[in-house]
Amino acid sequence: MDVYDISDDLVKKLSDWKLIGIISGKFNELKENYSKVNFVEHVLIDFKYMDKILLNNKVREEKCNKKSSDFRMLGNEQFSLKNRKYFQALELYNKSICYSEPGSENLSIGYANRSAVLFEWKRFRECLINIELARKANYPIRLMHKLDKREKDCRKLLSTQPPDMQPYDFQMNFDSHPQVPHIADCLELQYTEDEGRFISTKRDLIVGDLVAIEEPFCSTLLPPMRYIRCATCKVENYLSLIPCENCCSVMFCSEECRDRAVATFHKYECPIIDLLHRMFNKIHGIALRVCLSTIELFPTIEELMAFCENPENQNKSAFDLDYTNFTQREHYRAIHGLVTNQHLRSVSDLFQRSVVCAILKHFIIEHTPLKEFLGGEEGENFFTELLFRHLQTSPSNMHGIDLVEQVNETKDDTTHSSGAFAFLSLLNHSCAPNTLRVYQGTKAYLFVFRPIPAGGVLYDTYGAHFAIFSRTQRIQTLSMQYRFTCKCEACENDYPIFAKLQPKLFIPYINDETDMKSLVKYDYPYALDNYRKYCEFLTQHANAYPCAQISSAEECLKMALHILVDAVPLKAKM
């Protein structure tokens, strides 16, 4: 049962008991958001929902050598000569490492087993790192001869391991913007009543132009990636991850990343980490992380309250920040200024968000050190207000940080994190976008994907792309989730989905089987030699959009750019 199941169940119960009108009326009379959330929290407590949550969910799994050993045995099975499934084995060994009780030999054996996989995989540098981790974790003397032999063999073969591929060093094609140095000088912020804030260009842009490079204010790792990537820097380093010393659901690439997390966001999330993973989704996760990251920027809750209530910090965007003194506090001004669209939301929508906020804030205040920092009722009400704000801004402003799409993989397998980006959040949606986001780690590169004339608007996609979803599906999804009726060119002209796109006469195909075969193998030299070819083709034949030839070339360009910035999972490169 997740948080939306609880919301639906509460509404049903109130309806069955003929209380929905009374509760809705009282809820709607409340003016402050924290009052709405507190009211809903009391309703949830009265109806015993908080007790049910605790009864049916562990707020945090405890370390357990029995589970650690079970995961290790499963890892051994995947690593066996019969299976040789190295990726599955590594993830299971990581779970074994995470579940190991402090001071037990399970931790050292987990590291040693991981080193065995890496030796067979010919990842000798990482093998030696794990051998060292095993020794530091008091690897058993009775087994030490195995480790000694593996280390000796590893050092002999170390020189045969090729160097890791280095990402291509993309640079912006233009001078930096005088106000926003990480975007091109031709971009400007516009505003209309219908469109709200959006980004346009003062000069013609062609396919392949790099117009922005942005780091997020903060990011959060998605639960499926918790045994694959570092929870702090999000690097895919499951070859040598180390565990949180208290929970079983978070790992880090280094002691430095672990110490940084424990000193900031993880000290609040750790005590309820498994409840967070089971009951809440990525939208709730990044909203909470924004709040926790912001709290860490201020010594006291009173200073944060004063900062947020200062008129100078209201309704700001990436174009209003002081980049000559660009601190995290300065960065947050633009994240705090993201539009909530609360005036467009129905009572039922606000009630559901209040349920989410009430449960989230209840457990993080009652079960973590956050309560002490907030100090009392005023601080708790302010935190509730802040959390409710970001639960509203997150769905349409936060971005999934993803990798290249892989054969036989779902979107959930390619998206590893969520991030809060001040500039990217200003791009409006189109079901036929003219820009493409590609991520190197958590850093976003914004490329032009279709030619944009001077005066034209830059469009991103909020996930509803015409090539994948029908017009009816897109309009319904966007209206429900983002509160607008899409009138982009794909919706107005009812572009067909990819499977029904027809080729156009006199337009050649720029790619053939060689292209896709090489790109699917993540061939870096091939991507480097050919990505400009796709850019030139898409610029030259832009007037034929959409057609089968252009969509095919777009897929090749998308693959090539992901390969060049190394937005490719490790398992796809082996």
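Conditions (1) open to solvent by 10 Å² or more (accessible area, probe 1.4 Å); (2) in contact with an Asp or Glu (Cβ under 6 Å, 6 or more places away or on another chain), marked per residue:
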{"site": "402", "(1), (2)": "yes, no"}
{"site": "442", "(1), (2)": "yes, no"}
{"site": "448", "(1), (2)": "no, yes"}
{"site": "452", "(1), (2)": "no, no"}
{"site": "473", "(1), (2)": "yes, no"}
- prompt: If you go through region 30-89 one residue at a time, how many are under 29 Å from the mean Cα position of the chain (by Cα) and within 23 Å of residue 239 (Cβ to Cβ)?
  reply: 13
query: Restricting region 102-122 to residues that are of a type in the set (D, E, K, R) and surrounded by fewer than 20 Cβ atoms within 10 Å (Cβ to Cβ), which is farthest from residue 79 (Cα to Cα)?
result: 105
- request: Output the residues belonging to region 93-113 that are among the hydroxyl-bearing types (Ser, Thr, Tyr) and farther than 18 Å from residue 250 by Cβ.
  value: 104, 108
query: What about residue 528, is it open to solvent by less than 30 Å² (accessible area, probe 1.4 Å) and either polar (S, T, N, Q) or under 16 Å from residue 404 (Cα atoms) (or both)?
result: no
query: So which of 45, 97 ends up being in a helix (DSSP H, G or I) and open to solvent by less than 50 Å² (accessible area, probe 1.4 Å)?
result: 97
- prompt: In region 251-269, what residues are open to solvent by 10 Å² or more (accessible area, probe 1.4 Å), of a type in the set (A, V, I, L, M, F, W, C) and under 20 Å from residue 96 (Cβ atoms)?
  reply: 253
- request: Within region 459-470, identify whether any single residue is without any contact (Cβ under 8 Å) to a residue 60 or more places away in the chain, aromatic (Phe, Trp, Tyr), closer than 29 Å to residue 519 by Cα and crowded, with 19+ Cβ neighbours inside 10 Å, and answer yes or no.
  value: yes
- prompt: Only one of (1) among the basic types (Lys, Arg); (2) within 29 Å of residue 333 (Cβ to Cβ); (3) in contact with a helix residue (DSSP H, G or I) (Cβ under 9 Å, 6 or more places away or on another chain) is not met by residue 450, so which one is it?
  reply: (2)
- prompt: What number of residues within region 352-381 satisfy the criterion of being touching a residue at least 60 places away in the same chain (Cβ under 8 Å), within 26 Å of the chain's Cα centre (by Cα) and open to solvent by 10 Å² or more (accessible area, probe 1.4 Å)?
  reply: 6
field: Qualifying residue in region 56-64 (condition: free of Cβ contacts under 8 Å to residues at least 40 places away in the same chain and either touching a Gly at 6+ places or on another chain (Cβ under 9 Å) or not in a loop (DSSP other than H, G, I, E, B) (or both))
entry: no
message: Testing residue 537 on (1) among the aromatic types (Phe, Trp, Tyr); (2) closer than 29 Å to residue 87 by Cβ; (3) more than 30 Å from the chain's Cα centre (by Cα), one condition comes back false. Which one is that?
response: (2)
message: Here is a check on your reading of the model: is residue 511 touching a Cys at 6+ places or on another chain (Cβ under 7 Å), of a type in the set (S, T, N, Q), open to solvent by less than 50 Å² (accessible area, probe 1.4 Å) and assigned by the TED database to the domain that holds residue 556?
response: yes
- prompt: Any idea how many residues of region 277-297 are touching a Phe, Trp or Tyr at 6+ places or on another chain (Cβ under 8 Å) and open to solvent by 10 Å² or more (accessible area, probe 1.4 Å)?
  reply: 4
- line: Residues of region 475-528 being of a type in the set (Ser, Thr, Tyr) and either within 31 Å of the chain's Cα centre (by Cα) or under 23 Å from residue 397 (Cβ atoms) (or both), in sequence order, are 477, 479, 482, 485, 495, 518, 522, 524, 526
message: For region 123-236, give me every one of the strands (runs of 3 or more DSSP E) that falls completely inside it and has 3 or more residues that are open to solvent by less than 20 Å² (accessible area, probe 1.4 Å).
response: 196-201, 210-214
message: Against the conditions (1) under 13 Å from the mean Cα position of the chain (by Cα); (2) closer than 17 Å to residue 282 by Cβ; (3) modelled with pLDDT of 95 or more, where does residue 250 fall short? Just the number, please.
response: (1)
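Let's see how each residue does on (1) under 20 Å from residue 187 (Cβ atoms); (2) of a type outside the set (Lys, Arg):
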position: 421; (1), (2): yes, yes
position: 431; (1), (2): no, yes
position: 442; (1), (2): no, yes
position: 450; (1), (2): yes, no
position: 457; (1), (2): yes, yes
position: 465; (1), (2): no, yes
position: 494; (1), (2): no, yes
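Filter region 1-18 down to the residues that are assigned to a loop (DSSP other than H, G, I, E, B) and without any contact (Cβ under 8 Å) to a residue 40 or more places away in the chain and list them by number. Give the derivation first.
Pass one, region 1-18, residues assigned to a loop (DSSP other than H, G, I, E, B): 1-2, 17-18.
Result: 17, 18.
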message: Where the second residue is part of a loop (DSSP other than H, G, I, E, B) and surrounded by 14 or more Cβ atoms within 10 Å (Cβ to Cβ) and the first is in the same structural domain as residue 391 (by the TED database) and lies in region 479-506, which pairs have Cβ atoms under 8 Å and are six or more apart or on separate chains?
response: none
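The values are calculated or read from the model by the stated rules, or taken from the named source; none is laboratory data. Keep in mind that this is a model prediction, so the values were computed, not measured. We place every Cβ from the backbone using ideal geometry, glycine too, and count neighbours over all the protein chains shown. SASA here: full protein model, heavy atoms, side chains in, ligands and nucleic acids out. Shrake-Rupley method; radii C 1.70, N 1.55, O 1.52, S 1.80 Å.
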